[in-house]
Amino acid sequence: MKDAVVLNQEETNSLITISNPPVNALSHEVRKGLMKAINDSLEDPGIETLAIIGSGKFFSAGADIQEFGKPSQGPQLPEICNLIESSRKPVFALINGTALGGGLELALSAHFRIAVPSAKIGLPEIHLGLLPGSGGTQRLPRIIGAEKALEMMLNGNPVSAQVGLSYGVIDWVDETGDLTVSARGIIQEVLEEKQSFTATRERTEGLQDEGGNRNAIEDQRIVWGKKAKGLYSPFQIIDCVKNALSLPFQEGLQFERESFNRCLESPQRKGLIHAFFAERRCKKIHEIRDAQPRKLETLAVLGGGTMGGGITVAALDAGLNVVMIERDEASLDKGRTNVEKVYDRHISKGRMSSDEKQKILSRYHPTTDFEKVSSADMVIEAVFEEMEVKKDVFRKLDQCVRPGTVLASNTSYLDIDQIASTTSRPQDVLGLHFFSPANIMKLLEIVVPSRLSDDALATGFALANRMGKVPVRAGNSDGFIGNRILGAYAKVAGYMMEDGTSPYRIDEAVRDFGYPIGPFQMFDLAGGDIGWANRKRNAESRDPQERYVHVADRICERGWFGQKTGRGFYLYEENSRNGFEDPEVLAIIDEERSKKEIRIRDYDPEEIIRRYLGAMVNEGAKVLGEKVARCPSDIDAVQLYGYGFPRFRGGPMKYADMYGIDRILQDIQEFSEEDPFFWKPSELLQDLVSKGQTFDDLNLQ
Ligand code: 3H9
């Protein structure tokens, strides 16, 4: 095994290289190596200076987040940072690329920082439910003041080397193209001029503007008071920075350590780190490991409606040529408008110039000529969600496209095998379920019918990658992963409403759990007519044992389809998305309850969540048992990126593990006494409980 830290003596300088691909995470091996290399260099009388650099494109992406939650092994990063800072020999951080989290904290404890122009520096711990825990909350404000330090820690986004230079975090940006050579010059100058160097803990530039610092703390408290939505670590960060301004360094450091440990133990940290790995795991698809994606330069999109327009923008933004095909000029005009208005909005917000828009649109080719599909490497059909309509389109495509063209259906529910069977090339046909607005929503379900070839599947994943989507492999089952699970918890929301709980209280409980909106707000946003049409379509095949709530139908019968008609479960003022409670809706619900002589039960928020999540997890386990999803964390990724599940809870399957899957099963068994048809416990869930396992045990490594 190669050493994780390599020490090279260059005349009187020790060059210490972190070499832990792919991102130089500060694992136990790296920490051990750093400690030894630094101590050796400090003890060596022939060494006058130390320089720390990363191998490859990263300085370091910070602590090894795989280690969190496992027993920790020394030396710890704070010790290493303290050792660097207290060195009598000047230490230089040579930031050769991205420096994040503990990586930047390592650099902050050095006496000088030299960065390449492409370097990015940041403190993203907040995204993992953590705070910079190696002195970052204490050192950074001493250099750049509370306002900018809080900005970096609370938005968690990295800044460029130039911005770092303007803040004073970076001392030099190397423009020569050879960081180690120019560093040698700088190190020499520091030595020759016998420049004094100050430990970061002794620096005071950032502490001068006491009033400004105090205001920054108070401002952020107000901002996060409004937007935290249950998040824990932002307030811990603010407290740490406040203490950096008022406490002696050692005490501030101690406070930071205790706060960091609290965050580390919190369920939010567990949920957020699970989400981080879930997002990456879903891209590792065993069956296409050796497959080559097909060529993908030109995409044809059939349909210029909301979905077709969004997909077109996503593809243009990914650098592809897009042929948009509509059946007549009027529809094509609407398609054009759907695409252009996205870029016009960017222009009006100052995010894009007209020239940039024109440049992007030069790759956009709207047409009514269906034959133009022959120029495409891939076709995505986004026409009306109706099996016969889709089948017709695929029959036509089969006649017109070149051999090897990948054919995708953007459908939310329909059977892709049936669609594929209308062509002579089922190996080229797959499902791509985009979420609206398709240019913004990150989730893409990639639906795999039985005869799909590996390279066509690899092309689907390659498209997702170019578009910056989170792709989740889904089996070909009604509603795939996401809409199938949605079907279950939407039903339970309806049951609770009919049982006696106001839809507005249900929405409130779901929001308090961490969702941006509740289920009834979501129905109004999506448009009640779509679900209504679906229910009517499925009416005949519905099992008579299934409980059916008529309230949504009664609302739709009045033409109240949600936001777009100004009325649904909520009442909307003109051009407003904020709905008000509607007494007439409550009256409709009451009437339905009386018809069925329902014994009224007003569930409290805890009970609402028990039922809502119970239904979600049970259906998730069924989806898993039927192999529609590969592993539990794929289901989590779907819910996180497509349905607004609160990220800090990690996703429904992670939530179930943390809540206890035995408790989930008990809940389901309790509810099944009222409605055994709906609350049938998943076999897989029962199996896991009986074996004492968790969903996490089923996650692919
Ligand atoms: C911290 O530092 C705490 C300290 O304040 C206090 C400590 C006491 N550890 O994303 P990619 C893996 S908290 C372990 O696909 P990209 C990742 O899983 C940490 N592994 O590439 C993937 O593995 P695989 C603060 C990590 O180029 C591979 O590297 N730091 C870590 O699109 C490539 O990743 C952060 O929060 C890690 N820290 O993006 C940074 N980072 O190939 C989190 C990555 O097996 N990381 N991996 O799937 C990121 O934001 C992005 O990964 C990064 C690279 C921008 C670095």
Conditions (1) free of Cβ contacts under 8 Å to residues at least 40 places away in the same chain; (2) of a type outside the set (Phe, Trp, Tyr); (3) farther than 23 Å from Pro403 by Cα -> Arg327 fails only (1)
Expected output for the range 361-389 (first residue within 22 Å of Glu340 (Cα to Cα), partner in a helix (DSSP H, G or I) and small (Gly, Ala, Ser), Cβ below 7 Å, 6+ apart or cross-chain) is Pro366/Gly335; Ala382/Gly308
Exactly one of Ser86, Ser134 is among the hydroxyl-bearing types (Ser, Thr, Tyr), under 16 Å from Val241 (Cα atoms) and assigned by TED's automatic domain parsing to the domain that holds Phe68, and that residue is Ser134
Just one listed residue, out of Pro267, Pro293, is closer than 14 Å to Ser233 by Cβ and either more than 16 Å from the ligand (Cβ to nearest atom) or among the β-branched types (Val, Ile, Thr) (or both), and it is Pro267
Apart from one, (1) open to solvent by 10 Å² or more (accessible area, probe 1.4 Å); (2) modelled with pLDDT of 95 or more all hold for Leu432; the odd one out is (1)
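In a loop (DSSP other than H, G, I, E, B), in contact with a strand residue (DSSP E or B) (Cβ under 9 Å, 6 or more places away or on another chain) and farther than 19 Å from Pro22 by Cβ: does that describe Ser118?
no
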The strands (runs of 3 or more DSSP E) lying entirely within the range 1-88 that contain at least 3 residues which are of a type outside the set (Phe, Trp, Tyr) and closer than 20 Å to Ser182 by Cβ are 5-10, 13-18, 49-54
Next on the checklist: Within the range 58-72, does at least one residue satisfy the condition of being touching a strand residue (DSSP E or B) at 6+ places or on another chain (Cβ under 6 Å), more than 14 Å from the ligand (Cβ to nearest atom) and not β-branched (Val, Ile, Thr)?
Outcome noted: no
Would you check if there is a residue in the range 428-441 being more than 20 Å from Glu326 (Cα to Cα), in contact with a Ser or Thr (Cβ under 8 Å, 6 or more places away or on another chain) and part of a helix (DSSP H, G or I)?
yes
Would it be correct to say that Tyr659 is farther than 22 Å from Ser266 by Cβ and surrounded by 15 or more Cβ atoms within 10 Å (Cβ to Cβ)? no
Taking the range 536-561 and the residues there that are in a helix (DSSP H, G or I) and modelled with pLDDT of 95 or more, the one that is most open to solvent (accessible area, probe 1.4 Å) would be Glu557
Condition set open to solvent by less than 40 Å² (accessible area, probe 1.4 Å) and not acidic (Asp, Glu), scope the range 64-82, selection farthest from Arg31 (Cα to Cα): answer is Ile65
Just to be sure before I move on: is Lys442 open to solvent by less than 10 Å² (accessible area, probe 1.4 Å), in contact with a helix residue (DSSP H, G or I) (Cβ under 6 Å, 6 or more places away or on another chain) and of a type outside the set (A, V, I, L, M) in the structure I sent?
no
Among the residues of the range 335-357, is any among the hydroxyl-bearing types (Ser, Thr, Tyr), part of a loop (DSSP other than H, G, I, E, B), open to solvent by 40 Å² or more (accessible area, probe 1.4 Å) and out of contact with any helix residue (DSSP H, G or I) (no Cβ under 6 Å at 6 or more places or on another chain)?
yes
Selection from the range 511-530 of residues among the aromatic types (Phe, Trp, Tyr) and not in a helix (DSSP H, G or I) yields Tyr515
Going through the range 100-128 in order, the residues found to be over 15 Å from Arg257 (Cβ atoms), open to solvent by less than 10 Å² (accessible area, probe 1.4 Å) and within 10 Å of the ligand (Cβ to nearest atom) are Gly101, Gly103, Leu104, Leu106, Gly122, Leu123
Per the list (1) closer than 26 Å to Ile446 by Cα; (2) among the hydrophobic types (A, V, I, L, M, F, W, C); (3) modelled with pLDDT of 95 or more, residue check on Leu332 breaks on (1)
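Only one of Val393, Val389, Val342 is in contact with a strand residue (DSSP E or B) (Cβ under 6 Å, 6 or more places away or on another chain) and in the same structural domain as Ala462 (by TED's automatic domain parsing). Can you tell me which?
Details: Val389 fails: in contact with a strand residue (DSSP E or B) (Cβ under 6 Å, 6 or more places away or on another chain); Val342 fails: in contact with a strand residue (DSSP E or B) (Cβ under 6 Å, 6 or more places away or on another chain).
So the residue among Val393, Val389, Val342 that is in contact with a strand residue (DSSP E or B) (Cβ under 6 Å, 6 or more places away or on another chain) and in the same structural domain as Ala462 (by TED's automatic domain parsing) is Val393.
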When every residue in the range 86-99 that is within 15 Å of the ligand (Cβ to nearest atom) and touching a residue at least 60 places away in the same chain (Cβ under 8 Å) is compared, the one surrounded by the most Cβ atoms within 10 Å (Cβ to Cβ) is Ile95
Residues in the range 17-57 that are farther than 21 Å from His111 by Cα and more than 10 Å from the ligand (Cβ to nearest atom) total 5
Answer with yes or no whether Ala533 is part of a helix (DSSP H, G or I), within 34 Å of the chain's Cα centre (by Cα) and not assigned by TED's automatic domain parsing to the domain that holds Tyr413.
yes
Matching residues in the range 577-590 (without any contact (Cβ under 8 Å) to a residue 24 or more places away in the chain and either under 13 Å from Glu498 (Cβ atoms) or of a type in the set (Phe, Trp, Tyr) (or both)) number 2
A careful count of residues in the range 150-192 that are more than 30 Å from Leu130 (Cα to Cα) and either open to solvent by 20 Å² or more (accessible area, probe 1.4 Å) or part of a helix (DSSP H, G or I) (or both) gives 18
For the range 133-140, does any single residue satisfy the condition of being basic (Lys, Arg), outside any strand (DSSP E or B), more than 12 Å from the ligand (Cβ to nearest atom) and in contact with a Leu (Cβ under 8 Å, 6 or more places away or on another chain)?
no
Of those in the range 562-589 that are over 19 Å from Ile506 (Cα atoms) and small (Gly, Ala, Ser), the residue least open to solvent (accessible area, probe 1.4 Å) is Gly566
So, first residue at pLDDT below 95 in the range 122-138, second residue near the ligand (Cβ under 6 Å from one of its atoms) and open to solvent by 10 Å² or more (accessible area, probe 1.4 Å), Cβ within less than 6 Å, six or more apart or across chains; the pairs are none
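The values are calculated or read from the model by the stated rules, or taken from the named source; none is laboratory data. Please read all numbers here as calculations on a predicted model, not as lab measurements. So basically every Cβ, Gly included, is an ideal-geometry build from the backbone, and we count neighbours across all protein chains shown. The area values use the complete protein model at the heavy-atom level, side chains included, leaving out ligands, DNA and RNA. Shrake-Rupley method; radii C 1.70, N 1.55, O 1.52, S 1.80 Å.
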